[in-house]
Amino acid sequence: MPRLRTLRVGALDELARQLRFAPAETLRRQLVRAEQLAAEVDPGVNYPEDWVVFRVTGYRPQMEAPAIVVGEALIGDVSALVERLSAAAGVKEAELEAGSFLSTRDLCARWGVSAKTLERYRRMGLVARRVAAGGGVSRLAFLKDSVERFERAWKGRIDGAREFSRIGGALEARMVRRGEAYVRLGCSVNQAAARIADRYGRSKEAVRQVLIRGGVGSSAGVGVEEGEGGEGGERRGPPSARERGLMARAWWWGIEPGRLARRLSRSPASVHRVIVDERAARLRRLKLSPGEGVKELEGVLSRPECGMGLGAPGATDLLELVRSAREMPPPEAPAERTRLAAYHGLVSRAAGAAAGLSRHGNAARVVDRIETDLRWAARIKAELVRSELALIVRTLESGLGRPLEEVRTAALSRLLLEAIGAAARAVDGFHAGKGGRLAAPVGLGVNRVVAGVAREPDGSRARSRLGPGVRVADWTRRVAAWQVSDGHWWLEPPGSVRAGLGVLPARARRVLELRYGWGGPPRTIEEVAAEVGLPAVRAAAMERRALVMAGRAGAA
């Protein structure tokens, strides 16, 4: 049985981590709700994070600015969530209702497809449970209702897969000869592929790839550009939406643009342009509102409160988080005012610069400066929230009428993270220039969170329910809207990167620490390059290699 699929949507990944410790009965109820969610998601619609959590758990968290999840990404991850919930709940094959589920073998036979094709369908919304078959063996069980729903939605795709046959060598040669003839008559490679696809009943893209491999158009200079692309030359025309998305994702994953350019038969310059455009598009979608405080920003940022000791991670053990929060000293008023001014000034500066971005042709250094300002703002915001952790714990305990260690684990994890989220939203709405202290709006926000939780009778208290070893998400990675985009990590690298820093050479490790503000203010790539004594291009390449290497080590 293959390992559990990785959840790409941050909201579902976080939810799955929290639900691992829920009772089996709760997991089974939420398993059914997740299966129902798969039937409701429209790939073309975006969904707020709080709605997604509500549909799975039945509980709607209070989020003033919930992250937006793309429907296409959500529907692909719901199947993985169902698989995780069923595995965590310990669902056994013998428990399944007879006749209501199909095995992988049965479904492959029903549709006439391979197991690999079935795996691709699961990323399109086909839901399966992971069930224990005994002897340490796990299998996938496909709910018949889900199978029939998928059949109705994707009938043409399934029928096409059933009738699929590979393009043989003889047919490929005929296609290449026809393609060359069409090109001599003045057709582009795309036009030739469309005509040949109609003639042979194949997809246009499959035929186009055959023509590219056969060198059609490369010698005549039709359909390609001269340059340093692949063997058949570079593709002419703007990249498709699919290619643009692939380039952007590959960049966030740390893949070298040059390698991507060779794979897509594009020039490295065109790949770089697309990547910058996609980064700019994300910044424009934030819809930040320019405010005040930009003029005084440089003087504020030079103070130690805004540059020293930033980027400390949050505790990921729930008991440690509660105890360390309780021991947090109260914030000093001057430091609080300085950090508030710096936070709002950085966001305002980023907002003003983002408002000037266009759809195409943005300078990479301008985009990098905006992203760096937002990273810096997130680091300062985390310190403002960290200084209020003791207040958060006291407010929660006062509202619940008991120490947090005596609250049920699953409820405590969710409650504490929601309270921290309320504190983060309080930072957004509070300006030191108006007078007062940050503690006031934080206390109000946390009180609203705890108001929705019913007190348990004194007699129902359990002693020392919370022990060490209960994992909780690092809250510092979710205090700002720009740390996550479309359900995926954005201006924060995956948590596995920081966990794997120890495997990196000293200079590569320093590049990541400077770039992401782990110990000081985040830096632009040009500032990082000057600090480590490298050209900016080499520093950027080192950053991408370090992200991949550390991420793999941390994940392992």
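Can you tell which of E72, E148 is among the acidic types (D, E) and either modelled with pLDDT of 85 or more or over 30 Å from I420 (Cα atoms) (or both)?
Details: E72 fails: either modelled with pLDDT of 85 or more or over 30 Å from I420 (Cα atoms) (or both).
Just one listed residue meets the conditions, E148.
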(message) Looking only at segment 415-446, how many residues end up being in contact with a Pro (Cβ under 7 Å, 6 or more places away or on another chain) and either of a type in the set (S, T, Y) or in a helix (DSSP H, G or I) (or both)?
(response) 3
(request) Return yes when A98 is outside any helix (DSSP H, G or I), closer than 23 Å to V32 by Cα, touching a strand residue (DSSP E or B) at 6+ places or on another chain (Cβ under 9 Å) and among the small types (G, A, S) and no when it is not. (result) no
(message) Condition (residue is assigned to a helix (DSSP H, G or I) and farther than 16 Å from D145 by Cα) applied to segment 59-71: is it met by at least one residue?
(response) yes
(request) Hey, can you tell me all the residues within segment 101-117 that are assigned to a helix (DSSP H, G or I) and of a type outside the set (V, I, T)? (result) R105, D106, L107, C108, A109, R110, W111, A115, K116
(request) Scan segment 526-539 for residues that are surrounded by fewer than 21 Cβ atoms within 10 Å (Cβ to Cβ) and either touching a strand residue (DSSP E or B) at 6+ places or on another chain (Cβ under 7 Å) or assigned to a helix (DSSP H, G or I) (or both) and report the count. (result) 8
(request) Starting from segment 21-43, take each residue that is outside the structural domain of L126 (by TED's automatic domain parsing) and crowded, with 16+ Cβ neighbours inside 10 Å and list its partners that are among the aromatic types (F, W, Y) and part of a helix (DSSP H, G or I), counting only C-beta distances under 8 angstrom and pairs at least six apart or across chains. (result) none
(message) With over 30 Å from I75 (Cα atoms) and among the small types (G, A, S) as the only criterion, which of S188, S146, S103 stands out?
(response) S188
(message) For the structure I just gave you, tell me whether L416 is closer than 23 Å to E327 by Cα and either charged (D, E, K, R) or out of contact with any strand residue (DSSP E or B) (no Cβ under 9 Å at 6 or more places or on another chain) (or both).
(response) yes
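Name the single residue, out of those in segment 282-335 being in a helix (DSSP H, G or I), among the acidic types (D, E) and within 31 Å of the chain's Cα centre (by Cα), that is modelled with the highest pLDDT.
So, considering only residues that are in a helix (DSSP H, G or I), among the acidic types (D, E) and within 31 Å of the chain's Cα centre (by Cα), the one modelled with the highest pLDDT is E320.
A39 - would you say it is over 22 Å from the mean Cα position of the chain (by Cα), within 30 Å of L286 (Cα to Cα) and modelled with pLDDT of 80 or more? Break it down stepwise before answering.
Numbers: over 22 Å from the mean Cα position of the chain (by Cα): yes; within 30 Å of L286 (Cα to Cα): yes; modelled with pLDDT of 80 or more: yes.
When the stated conditions are applied, A39 passes them.
Looking only at segment 491-510, filter to residues that are in a helix (DSSP H, G or I) and within 20 Å of the chain's Cα centre (by Cα); which one of those is surrounded by the most Cβ atoms within 10 Å (Cβ to Cβ)? Show your work before the answer.
Initially, segment 491-510 is screened for residues in a helix (DSSP H, G or I), giving 495-499, 501-503, 506-510.
Checking the rest, the ones that are also within 20 Å of the chain's Cα centre (by Cα) come to 495-499.
Numbers: G495: 17, S496: 15, V497: 24, R498: 21, A499: 17.
It comes out as V497.
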(message) From the list R149, R120, exactly one residue is in contact (Cβ under 8 Å) with a residue 24 or more places away in the chain, surrounded by fewer than 17 Cβ atoms within 10 Å (Cβ to Cβ), within 29 Å of the chain's Cα centre (by Cα) and assigned to a helix (DSSP H, G or I). Which is it?
(response) R149
(request) Count, please, the residues in segment 312-339 that happen to be over 25 Å from K434 (Cβ atoms) and crowded, with 20+ Cβ neighbours inside 10 Å. (result) 5
(message) Cβ-Cβ under 8 Å, sequence separation 6+ or interchain: first residue in segment 185-212 and charged (D, E, K, R), partner part of a loop (DSSP other than H, G, I, E, B). Which pairs?
(response) R195/C187; R202/I167
(request) Return yes when E543 is within 16 Å of R365 (Cβ to Cβ) and either touching a residue at least 12 places away in the same chain (Cβ under 8 Å) or among the β-branched types (V, I, T) (or both) and no when it is not. (result) yes
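Could you tell me which of the residues L357, L412 is in contact with a helix residue (DSSP H, G or I) (Cβ under 8 Å, 6 or more places away or on another chain) and outside any loop (DSSP other than H, G, I, E, B)? Reasoning before the result, please.
Values: L357 fails: outside any loop (DSSP other than H, G, I, E, B).
The match here is L412.
What number of residues within segment 197-247 are among the polar types (S, T, N, Q), at pLDDT 75 or above, in a loop (DSSP other than H, G, I, E, B) and under 26 Å from R273 (Cβ atoms)? Steps first, answer last, please.
At the first step, the residues of segment 197-247 found to be among the polar types (S, T, N, Q) are 203, 209, 218-219, 240.
Among the residues that remain, those that are also at pLDDT 75 or above are: 203, 209, 240.
Remaining after also requiring in a loop (DSSP other than H, G, I, E, B): 203, 240.
Keeping just the survivors that are under 26 Å from R273 (Cβ atoms) gives 240.
Of the residues in that region, 1 qualify.
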(request) Run down R509, R477, R471 and say which single residue is modelled with pLDDT of 85 or more, touching a helix residue (DSSP H, G or I) at 6+ places or on another chain (Cβ under 7 Å), outside the structural domain of R375 (by TED's automatic domain parsing) and not hydrophobic (A, V, I, L, M, F, W, C). (result) R509
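The values are calculated or read from the model by the stated rules, or taken from the named source; none is laboratory data. What you see is a predicted model, and the numbers here were worked out from it, not measured in a lab. Positions of Cβ are backbone-derived with ideal geometry, glycine not excepted, and every protein chain shown enters the neighbour counts.
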